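See below for the structure under consideration.
The values are calculated or read from the model by the stated rules, or taken from the named source; none is laboratory data. Predicted model only: the values in this text are computed from it and were never measured. Positions of Cβ are generated from backbone atoms using ideal geometry, with glycine treated the same way; all protein chains shown enter the neighbour counts. Only protein heavy atoms, including side chains, enter the accessible area calculation; ligands, DNA and RNA are left aside. Shrake-Rupley method; radii C 1.70, N 1.55, O 1.52, S 1.80 Å.
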Amino acid sequence: MSVLITGGSGTIGTALAKILLAQGEPRVCIFSRGEATQARMRAAMPDDKLRFFVGDVRDQQRLRRAMQGCDTVYHCAALKRIEVGAYNPIEMVRTNVDGSVNVIEAAMDAGVKRVVHCSTDKAHEPVSPYGYSKALADTLFLAANEYTL
């Protein structure tokens, strides 16, 4: 049994991995596009229970491969910087919305039992591309619950 964390080498993903390892998870898979952040995490957290996958949530095939044998997925990957979204809203949509669709579909295809979407307070009454994209991602995950009932 194992857990996969998208955006796993980011701030939230790293903190979550520490918690899961402390709780005795047998395997925690880190999925992120940041090879440098993965290397720093590997050096800071030398644990045989950690596995690292370089990949992007925009790549559904890579997500499917990484999710094989996982029971739970925590979806923490996102473009989060407000100023980045203001200047690059299409990229924010491709990662935060399309990436969320990819996570949902890959998880269903891989038979993942539980997917947890990490949201933000910015999704409540959004005023920026970041907030709008996360609000839409929230809606997608809620709707996905209906597919799996």
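Observations on the model:
- Candidate set: segment 111-129, residues that are in a helix (DSSP H, G or I) and open to solvent by 20 Å² or more (accessible area, probe 1.4 Å); chosen: the one farthest from Pro89 (Cα to Cα): Asp121
- Contact map, segment 15-43: first residue within 16 Å of Cys70 (Cβ to Cβ), second residue in a helix (DSSP H, G or I) and polar (S, T, N, Q), Cβ cut-off under 8 Å, separation 6 or more or different chains; pairs are Ile30/Gln38; Ser32/Gln38.
- Looking only at residues in segment 77-101 that are within 23 Å of Ile5 (Cα to Cα) and in a loop (DSSP other than H, G, I, E, B), the one that is most open to solvent (accessible area, probe 1.4 Å) is Arg81.
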